[in-house]
Each structure stands twice: as structure tokens, then as C-alpha cells.
Amino acid sequence: MRVFVAFLMIISFALTLSAQENASCRDFTQGSVEILTESDFLPDGRFNSVRLSQGDKIEIYKPFYRGRSYMLIISSELTLPGIVVEVKDISRRVILSSMEISSLHELVYSPEKNENLIIAVEVVKSEEFESTEQGCVSVVIGFQ
């Protein structure tokens, strides 16, 4: 019985830490939302944020519609060495690329047709950057 209680306490502690980290990422993402709302773009209502480490990659699949302009705000915490962003079509052909390594990327895109796109974000690896910590990466999309 004691082992079961100890197991439940460990699980409870892990869930509490996870909830705190997610709340931290939501707070971090709010900065990207503010950048977007200061522009002429309206947030699409989906705020993607996740904790990543050096070398981690994520992909977000999103429909884009002809006749609208989109602004993508992709940012990472300074505990990470930087991110690289690519927007690809469903055939994985690169449409937009931000190969510069920084912690903030603002991309504007106006599709010529309705299409499903992939937003690929990679946290760069850096031997000069000693931290192995995780950091929040957020992707916020707005439209006109």
C-alpha cells in the first residue's frame, strides 16, 4: 500500500510540474499574441506552444485560404539557441524559409490558392550554447 501511495504522490508531483510548465508557455505565447494584435492581423484563435530542447523539431499542419494574408509569429525563449522556420506545401516543397537563427520570426504569406501547409520549426543545435534546458516555442497565426 505504501508503494502505491508513493507512486500516486510521484505522479501527482509530475502532473503539477507539467501544468506549471504549460502555464509558463501560455504566458510566453501571450507576447507573440501581443505582437500580432499590434499589427493589422487578427489571431486565428489557436495558440501553439510547446517545450523543446536543442535539435527538437515540430510541425504544425494548417489550412490557408486564397484571398487572405497571414502573419506567422514564431518565437522561442532565450534559454534556447534559436529556431529555424520553414513553411512547406503538402508535398514538402519549401514555400517560405527563415534560415537565419534567431528567437523571433515574423513571416507574412498570401496564398494564391486554398492549400494545406506545414509550418516546420526546428530548435538549432549549438556547441557554443551550453544549456541543455528546455524552452518554450510558440507559433501564433493571424489573418487579414
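The values are calculated or read from the model by the stated rules, or taken from the named source; none is laboratory data. Fair warning: this is a prediction, and the values are worked out from it, not measured in the lab. Here the Cβ positions follow ideal geometry from the backbone for every residue, glycine too, while neighbour counts run over all protein chains shown.
The table below gives the values:
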quantity: Single condition His105 does not satisfy, out of (1) in contact (Cβ under 8 Å) with a residue 40 or more places away in the chain; (2) out of contact with any helix residue (DSSP H, G or I) (no Cβ under 9 Å at 6 or more places or on another chain); calculated: (1)
quantity: Region 31-59 - residue that is closer than 16 Å to Glu106 by Cβ and under 13 Å from the mean Cα position of the chain (by Cα) and, of those, surrounded by the most Cβ atoms within 10 Å (Cβ to Cβ); calculated: Ser32
quantity: Residue in region 101-134 that is modelled with the lowest pLDDT, counting only those that are under 16 Å from the mean Cα position of the chain (by Cα) and within 10 Å of Pro81 (Cα to Cα); calculated: Ile101
quantity: Number of the condition not met by Phe7 [criteria: (1) loosely packed, with under 14 Cβ neighbours inside 10 Å; (2) at pLDDT below 90; (3) within 12 Å of the chain's Cα centre (by Cα); (4) not acidic (Asp, Glu)]; calculated: (3)
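Residue-by-condition table, conditions (1) closer than 24 Å to Val33 by Cβ; (2) small (Gly, Ala, Ser); (3) surrounded by fewer than 17 Cβ atoms within 10 Å (Cβ to Cβ):
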{"residue": "Lys62", "(1), (2), (3)": "yes, no, no"}
{"residue": "Ser69", "(1), (2), (3)": "yes, yes, yes"}
{"residue": "Glu86", "(1), (2), (3)": "yes, no, no"}
{"residue": "Asp89", "(1), (2), (3)": "no, no, yes"}
{"residue": "Ser102", "(1), (2), (3)": "yes, yes, yes"}
{"residue": "Glu112", "(1), (2), (3)": "no, no, yes"}
{"residue": "Ile119", "(1), (2), (3)": "yes, no, no"}
{"residue": "Val123", "(1), (2), (3)": "yes, no, no"}
{"residue": "Gln144", "(1), (2), (3)": "yes, no, yes"}
